[in-house]
Every structure is written in C-alpha cells, then in structure tokens.
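Participant: This is the structure, below, for whatever I ask next.
We did not get these values from a lab; they are worked out from the coordinates using the rules stated. Since the structure is predicted, the reported quantities are computational estimates derived from the model, not experimental observations. Counting neighbours? That spans all protein chains shown, and the Cβs are built from the backbone with ideal geometry, glycine included.
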Amino acid sequence: MATQSQVVLFPVRDVDKAKALFTTLLGIEPHADAPYYVGYSVNGTEIGLVPNGHDQGLNGPTPVFDVDDIVSMFAALQAAGAQAEQEPTDVGYGTLVARLRDGDGNAIGLRQAATGA
C-alpha cells in the first residue's frame with residue numbers, strides 16, 4: 001500500500017543556481033547539501049534537487065511515494081497501465097527506488113525504506 005507522496009524530486013542542471021532559488025522560495029537552508037543531492041524538509045515533505053537528474057531520466061518534478069513492497073507495487077502499477085522507466089534499484093543502505101510513467105507521461109516514483117529503517 002502506498003502512502004501519500006512525501007518526496008518531490010526536481011532535476012537540475014546547475015545545482016548552485018537551483019539551490020539559491022529554492023532556498024529563497026522555501027525560506028530555509030537545505031538540511032542535505034551534497035554534490036549528488038540537495039534536500040529541504042518542508043512541513044513533512046522532502047523537496048529534493050537532483051543534479052544531472054535529466055541524465056537519469058527525470059524531465060520534471062517527480063512525486064515519490066513510500067511503499068512497503070516496491071516489487072509488488074511496481075508490478076501492480078505496470079498491470080494497471082504504467083510504463084516502467086527504472087526498475088527497483090538499491091540506492092544505498094538498502095533503500096530501494098523505482099520510477100514509472102502513467103498513460104499521460106507523468107512520472108511516478110516509488111521508494112521502499114531499508115528493512116529496519
């Protein structure tokens with residue numbers, strides 16, 4: 001079962017410019033600031049800037065839904081008509097992510113927390 005989207009990822013080409021813009025927009029400094037990811041926590045939602053996200057297949061903001069079983073949800077969404085874009089992948093420490101597109105081309109991200117997290 002998916003919960004509400006708690007993460008929205010934005011692909012950015014110039015992380016410094018994007019960081020300046022989002023820091024101004026959100027009125028806070030990022031809690032995570034690394035060459036591969038800049039993250040802001042806003043009212044329980046993570047706003048993430050993904051440098052070179054375009055090269056990873058992101059072409060606009062992507063909501064990411066937390067799920068208990070990413071493999072089952074990925075398969076269920078495909079059966080419901082979504083097209084696979086990124087198979088479930090371990091991105092570190094046991095956290096799995098995947099991405100699909102609905103029939104209108106909108107991105108849908110999935111995330112499964114590491115077991116015990």
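Participant: Has region 85-98 got any residue that is assigned to a helix (DSSP H, G or I) and of a type outside the set (G, A, S)?
Facilitator: No, region 85-98 has no match at all.
Participant: If the requirement is being touching a Lys or Arg at 6+ places or on another chain (Cβ under 7 Å) and of a type in the set (S, T, N, Q), which of these qualifies: Q112, Q78, Q83?
Facilitator: None of the others qualify; the one that does is Q83.
Participant: From the set of residues in region 51-77 that are in contact (Cβ under 8 Å) with a residue 60 or more places away in the chain and more than 12 Å from the chain's Cα centre (by Cα), which is farthest from A98 (Cα to Cα)?
Facilitator: Residue satisfying both the conditions and the ranking: D68.
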